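The values are calculated or read from the model by the stated rules, or taken from the named source; none is laboratory data. From a predicted model like this one, the values you see are computed outputs, not experimental measurements. Cβ placement follows ideal geometry from the backbone for every residue including glycine, while neighbour counts extend to all protein chains displayed.
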Amino acid sequence: MNSFFERKFVIQGIFIAIALVIVARLFYLQIIDDSYLLSANNNVLRKVTVYPARGIILDRNGKVIVQNEPVYDLLVTPREVKDIDTALLCQLINIDMDGFKSRMAKARAHSPYRASQFEKLISSETYARLQEHLHKFRGFYVQNRTVRSYPDSIAAQFLGYIQEVNDRDIERSNGFYKPGDYIGASGVERSYEELLRGNRGVKNLMVDALNRPKGVFMEGKYDTLAVTGDGLVSSLDIDLQILAEQLMKNKLGSVVAIEPSTGEILTFVSSPSYDPNLMVGKDRGNNYMDMLNDQNKPMFIRPIQASYPPGSVFKVVAALTAQQAGLIDQHTIFNCPGGYRYGRNAIMRCTHVDGPTNLVKSIQMSCNTYYGYVYAKMIDSRGLPGPKAYDLWREGLLKFGLGQRLGIDLPGEKGGFVPESSFYTKGYGNEKWRSSYNISLSIGQGELGITPLQMANVMAIVANRGFYYRPHLIKGIGEKKIVKKEFTEKISAGVDAKYYEPVVEGMSRAVNMGGTAASVRIPGIEMCGKTGTVQNPHGQNHAVFFAFAPRENPKIAIAVFVENAGYGGTWAGPIASMLVEKYLNDTITLPKYIQDRIYNANLLPKVEKKVSAIKKNPTIIKKDTIKRQKQIAQTVEKQGLLVHHSQVRRTHE
């Protein structure tokens, strides 16, 4: 009897154990493991992500700068791929068998049960061929999306480009982005990414065992619509932008034009540029590397990232801040014998002898001597130690937006460089230095560095007689053309309006009455301008021209900077003159031979192939270089910046 009961309990235990195993397995399959559910759903229901079109970008007159065009991604669910003609698939999408295998391996690594990208950015032509045979490739289906298209192939650095998100982008978005999504990587595409990108939708499709769509699930009851991104109206004038890029072809430099009354940027050229369409499609990676390795750096955004000594445009700021400080007025006269003497035997030369010179004439003739005296008054004649007086002088420059970012709606803006007094105190060794120590600052040379955007903004300030609006590239967002609040703020430059008239008069005479910019005068337009030729210790001087027009009720302020070109009046001046006349009158009357010279000039640096001496004897060269670097560092530490300043003696106009 006992034996019977023992066998009974053993048998019951076995059945109970088997039942528990079965229940546990069912629980795992139905609750924990979703692979079978996914496989079942995918055989009946396909969830297709609907990617929104990015917002288009228009110019200020409503012309399209950036639009969208359709492309297609081929997706694959590896678990469902069975008995397909791989050779035919490879032929249809232009890949080889090794490419097929590597793509499948990557898809399996992602997930055997979930769809992932097999081939992205398939063109409309390729998709048309593939669509006829798609039902033969079980486990494969196509997803629509759009990519950027640039009809006029202009303004690459302003517009920027988009790229596929990386892990960091996904993490920072708190899950908004998913692998395979695209994001603005530079330019306004990046600045306005959250507005341009829109919101994804989902469409539920029913499919049969052969992966063929059989209609919308539940009449779309559970679908969500994609929301197109907001459109942007840029401040650019597309016709002016095209002309500016043509004029700057085969040149290094920048053109920035601003509407003074609003701060809207009319033209934004960084040269050399590139065709933004190169950053779209399958060859994007190769094109990107080619441009990244280009010695002329086409992806470097010169208007906001390059910093140069301002040269003669700085005399305009010096004249205004000195008047505001009460140290000079429009009647103040300094004699110019051909140079400004300072220290014991040093001289900062002019290119001509101006004789007795007042403020208006100093701007008209761009007199270095005059501004040597002005700077000496600012630093030496205020009853303060040199560093204290310098700090007051620097404070005036900062109000003009120099030495700091202006806040343009582009990523990567640099602030330029206006040294603090401690910079010179450290170099000199004590605080007893005076104006003679850094006199090159008086004419916009030395350590000063400002961006072309800041140069154009200085002209906007002068055009407005004392204020500016933060320069910006987008003037309206969405259907309501919303303007960001920070771009409507009126910012004072800290100089009273009455002090601008003699400066404006001098700039007008420089162009219209035989001054340094007389060759670029525009018939019927009183343009106020200033030429500059900025010293460049690394090669040919830089050509610069700054202007606004017309004198009353100005419509455009412009800065043109051409690297390694020579004289400002020869190269930068004609470019600015043509752009100003085109914008105001829709004509160009500059003599044709000058136009042809500008259009056809190639001022790009020549590519020189040099054999490095280090390759011949790397050990000796390396030791010698280190030794010389230490010697130079010791010399500079002892003498401060005297060697540097002794070399900066003159600037040509």
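If you check residue 94 against the conditions, is it surrounded by 13 or more Cβ atoms within 10 Å (Cβ to Cβ) and on the phi > 0 side of the Ramachandran plot? In short, yes. When you check residue 594 against the structure, is it under 31 Å from the mean Cα position of the chain (by Cα) and either farther than 30 Å from residue 298 by Cβ or modelled with pLDDT of 90 or more (or both), yes or no? So residue 594 passes the test.
Matching residues to (1) among the polar types (S, T, N, Q); (2) modelled with pLDDT of 95 or more:
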| residue | (1), (2) |
| --- | --- |
| 342 | no, no |
| 352 | no, no |
| 359 | no, yes |
| 366 | yes, no |
| 374 | no, yes |
| 385 | no, no |
| 392 | no, yes |
| 395 | no, yes |
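Taking the numbered list (1) in a helix (DSSP H, G or I); (2) touching a residue at least 12 places away in the same chain (Cβ under 8 Å) in turn, residue 498 passes all entries but (2).
Applying the condition of being under 24 Å from residue 530 (Cα atoms), of a type in the set (Gly, Ala, Ser) and assigned to a helix (DSSP H, G or I) to region 354-410 and asking which residue is nearest to the chain's Cα centre (by Cα) yields 396. Only one of the listed residues (66, 81) is more than 30 Å from residue 473 (Cα to Cα) and not assigned by TED's automatic domain parsing to the domain that holds residue 473. That residue is 81. Of the helices (runs of 4 or more DSSP H) lying entirely inside region 70-147, the ones with 2 or more residues being touching a Phe, Trp or Tyr at 6+ places or on another chain (Cβ under 6 Å) and without any contact (Cβ under 8 Å) to a residue 24 or more places away in the chain are found at 86-93. Among residues of region 230-245 being in a helix (DSSP H, G or I) and among the aliphatic types (A, V, I, L, M), the one that is surrounded by the most Cβ atoms within 10 Å (Cβ to Cβ) is 244. Taken over region 346-397, the criterion of being small (Gly, Ala, Ser) and within 27 Å of residue 421 (Cβ to Cβ) is satisfied by 346, 362, 372, 376, 381, 383, 386, 389, 396. Just give me the residues in region 148-196 being within 23 Å of the chain's Cα centre (by Cα) and among the small types (Gly, Ala, Ser), in sequence order. Of everything in region 148-196, those that are within 23 Å of the chain's Cα centre (by Cα) and among the small types (Gly, Ala, Ser) turn out to be 149, 153, 155, 156, 160, 173, 184, 185, 186, 187, 191. Against the test of being of a type in the set (Phe, Trp, Tyr) and either crowded, with 22+ Cβ neighbours inside 10 Å or assigned to a loop (DSSP other than H, G, I, E, B) (or both), the options 274, 288 yield a single qualifying residue, 274. Applying the selection to region 409-454, what residues are among the aliphatic types (A, V, I, L, M), within 21 Å of residue 489 (Cβ to Cβ) and touching a strand residue (DSSP E or B) at 6+ places or on another chain (Cβ under 6 Å)? Of everything in region 409-454, just one residue is among the aliphatic types (A, V, I, L, M), within 21 Å of residue 489 (Cβ to Cβ) and touching a strand residue (DSSP E or B) at 6+ places or on another chain (Cβ under 6 Å), namely 453.
Do we have residue 175 as on the phi > 0 side of the Ramachandran plot, out of contact with any Lys or Arg (no Cβ under 7 Å at 6 or more places or on another chain) and at pLDDT below 90 here? Here the answer is yes, as residue 175 does meet what is asked. The criterion of being out of contact with any His (no Cβ under 7 Å at 6 or more places or on another chain), touching a residue at least 24 places away in the same chain (Cβ under 8 Å) and assigned to a helix (DSSP H, G or I) holds for residue 190. The residues listed here are 217, 268; of these, the one that is over 26 Å from residue 70 (Cβ atoms) and out of contact with any Gly (no Cβ under 6 Å at 6 or more places or on another chain) is 268. Residue selection: residue 461 satisfies the criterion of being modelled with pLDDT of 95 or more and out of contact with any helix residue (DSSP H, G or I) (no Cβ under 7 Å at 6 or more places or on another chain).
So which of 162, 170 is among the hydrophobic types (A, V, I, L, M, F, W, C) and either in contact (Cβ under 8 Å) with a residue 60 or more places away in the chain or assigned by TED's automatic domain parsing to the domain that holds residue 473 (or both)?
Going through 162, 170 in turn, just one is among the hydrophobic types (A, V, I, L, M, F, W, C) and either in contact (Cβ under 8 Å) with a residue 60 or more places away in the chain or assigned by TED's automatic domain parsing to the domain that holds residue 473 (or both): 162.
Of the residues contained in region 127-147, none is found to be modelled with pLDDT of 90 or more, surrounded by 16 or more Cβ atoms within 10 Å (Cβ to Cβ), within 25 Å of the chain's Cα centre (by Cα) and at negative phi.
Residue pairs whose Cβ atoms lie under 7 Å apart, separated by 6 or more positions or on different chains, with the first residue in region 377-401 and free of Cβ contacts under 8 Å to residues at least 24 places away in the same chain and the second surrounded by fewer than 21 Cβ atoms within 10 Å (Cβ to Cβ) and of a type in the set (A, V, I, L, M, F, W, C), are 398/418. Looking across region 403-445 at every residue that is among the hydroxyl-bearing types (Ser, Thr, Tyr) and touching a residue at least 40 places away in the same chain (Cβ under 8 Å), the one that is nearest to residue 341 (Cα to Cα) is identified as 436. Residue 515 meets each of the listed conditions (1) at pLDDT 90 or above; (2) buried (at least 18 other Cβ atoms within 10 Å of the Cβ); (3) in a loop (DSSP other than H, G, I, E, B) apart from (1).
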